[in-house]
Structures are given as C-alpha cells and as structure tokens.
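Step one of this worksheet: look at the structure below.
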Amino acid sequence: YVFKTYISLILFSVIIALPITIMIVEKWLNQFYYKSEISWWAFFIAVATLFFLTFISIVCHYVWVSKQNIIEIIQKNR
C-alpha cells in the first residue's frame, strides 16, 4: 500500500513537472549560438533515479521499523 501511494505521487508529479521542465530547458538552450537538444534519456534517467531513491528509502524505513521493539516504544511514550 505504501509503495502504491508513493508511486502514484511520483507519477503525478512527473506528469506535471516533465512538460514544464522540457519547455524551460528548450527555451534556455535556444538562447545559445550553438544549438543543442536535450535527449529523452536524460529525463528517463532522472525519473528512474527518483523511483530508485524512493524505493530504497521506503525499504530502509521498513527495515528500521521492523527492528524496533514495539513494547519499549509504547512504554517510553506513556
């Protein structure tokens, strides 16, 4: 459930941010004398890195939580 939530949030943000980013980068690159284009794989690598870092952080949090003693946490918070 947590993975689904985060994946949907990332997809939503990518759908919004990707067209805006492409417009801004193309406008910025057109200001130079020597024209260059940005490749699709640069955006793919950025989105893949985002998914990978999200996956790693969720897994690390699950591992950290699974090692906690719930009884000690409940008693500490009383």
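The values are calculated or read from the model by the stated rules, or taken from the named source; none is laboratory data. Quantities reported herein were computed from a predicted structural model and do not represent experimental measurements. Note that we place each Cβ from the backbone using ideal geometry, even for glycine, and neighbour counts take in every protein chain shown. When the accessible area is computed, the model is the full protein with side chains, heavy atoms only, and any ligands, DNA or RNA have been set aside. Shrake-Rupley method; radii C 1.70, N 1.55, O 1.52, S 1.80 Å.
Consider Leu18 carefully, then state whether it is at pLDDT 85 or above and either open to solvent by less than 70 Å² (accessible area, probe 1.4 Å) or acidic (Asp, Glu) (or both).
It is true that Leu18 is at pLDDT 85 or above and either open to solvent by less than 70 Å² (accessible area, probe 1.4 Å) or acidic (Asp, Glu) (or both).
Which residues, taken from segment 33-47, are of a type in the set (Phe, Trp, Tyr) and without any contact (Cβ under 8 Å) to a residue 12 or more places away in the chain?
Tyr33, Tyr34, Trp40, Trp41, Phe44
Which one of these is of a type in the set (Ser, Thr, Tyr) and assigned to a loop (DSSP other than H, G, I, E, B): Ser57, Ser36, Ser8?
Ser36 is the lone residue from the list that is of a type in the set (Ser, Thr, Tyr) and assigned to a loop (DSSP other than H, G, I, E, B).
For segment 21-32, indicate whether the set of residues that are in contact (Cβ under 8 Å) with a residue 24 or more places away in the chain and assigned to a helix (DSSP H, G or I) is non-empty.
No, there is no match, as no residue in segment 21-32 is in contact (Cβ under 8 Å) with a residue 24 or more places away in the chain and assigned to a helix (DSSP H, G or I).
Could you list, ordered by first residue, the pairs with Cβ atoms under 9 Å in which the first is in segment 48-66 and open to solvent by 80 Å² or more (accessible area, probe 1.4 Å) and the second is of a type outside the set (Val, Ile, Thr), at least 6 apart or interchain?
Every condition considered, the pairs that remain are Phe55/Phe3; Phe55/Tyr6.
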